[in-house]
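The structure follows.
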């Protein structure tokens with residue numbers, strides 16, 4: 001996809017971080033913006049910033065873990081702009097703990113936002129994007145944790161691996177409709193995801209356990225750098241968006257281990 005002018009982009013998690021950077025870049029390319037987030041005050045501030053760039057903006061408070069909330073987002077986008085051409089399923093949350101200390105509420109919260117949030121986006125938007133027959137592009141935000149499993153991040157890894165698999169399949173299914181698909185797999189980015197517990201529902205907090213932070217390797221990027229790479233991938237119709245070159249040896253090591261296991265088992 002190379003023609004952005006006058007088209008419409010929907011971004012979840014649009015009030016800050018990567019989502020806001022994407023919304024600004026789309027606005028600067030002449031797109032209408034549908035900005036969704038669970039944090040109303042930050043979303044209103046983002047809306048004003050996007051309007052200052054000259055964009056037509058529709059903002060809605062959305063809980064991506066709730067199917068009806070995302071369906072309402074899709075309805076509002078089509079009612080306001082008559083179509084959607086870019087969908088960024090970007091909203092995400094994080095927590096960390098060894099698998100023997102993970103609480104069931106951790107599974108519910110992360111699966112609800114990180115995986116079901118993407119599923120709800122696909123469910124609500126993709127059939128309509130196919131039906132409108134205008135092509136387009138879908139970006140699902142995963143993580144390097146969707147390609148390489150990190151110790152102490154089992155729940156997060158699970159959700160992100162699932163988003164990668166979903167995106168790889170969606171990429172194949174959408175080819176015939178002229179709809180590109182990319183899966184965004186960053187390492188460290190300066191966003192508020194480490195403080196995402198501020199939006200955790202009360203009924204999913206459970207019994208509080210000890211904090212177990214996980215140190216991430218690699219450089220930290222600014223959201224604007226990640227957004228620029230994402231737009232480049234959209235234009236080039238690239239499936240994988242690996243934002244950190246230092247990830248290369250970790251990815252290579254994973255596939256070398258898979259290959260070596262074939263020799264052990266079948267040799």
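Using per-residue counts of other Cβ atoms within 10 Å, averaged over each peptide, order 62-73, 106-117 from highest down.
106-117, 62-73
For a protection proxy built on the mean count of beta-carbon atoms within 10 angstrom, sort 236-242, 9-15 highest first, please.
For the peptides 236-242, 9-15, the packing ranking is 9-15, 236-242.
Still on this structure: How far, in degrees from 0 to 90, does helix 116-132 lean away from the longest principal axis of the Cα atoms of the chain, to the nearest 10?
40
Compute from the Cα atoms of the chain the Rg and the Dmax, the latter being the longest Cα-Cα distance, and quote both in angstrom.
Taking only Cα atoms of the chain, I get Rg and Dmax of 18.3, 63 Å.
Starting with the highest mean, order 149-158, 43-52 by the number of other Cβ atoms within 10 Å, averaged over the residues of each peptide.
Those peptides, ordered most packed to least, come out 149-158, 43-52.
With a cut-off of 8 Å between alpha carbons and a minimum separation of six or more residues, what is the relative contact order of the chain in percent?
Over the chain, the number comes to 19 percent.
Values quoted throughout were computed directly from the atomic coordinates according to the rules given, and no laboratory measurement underlies them. Here the structure is a predicted model, which means the values were calculated and not measured. Neighbour counts are summed over all protein chains in view; Cβ atoms, including those assigned to glycine, are modelled from backbone coordinates with ideal geometry.
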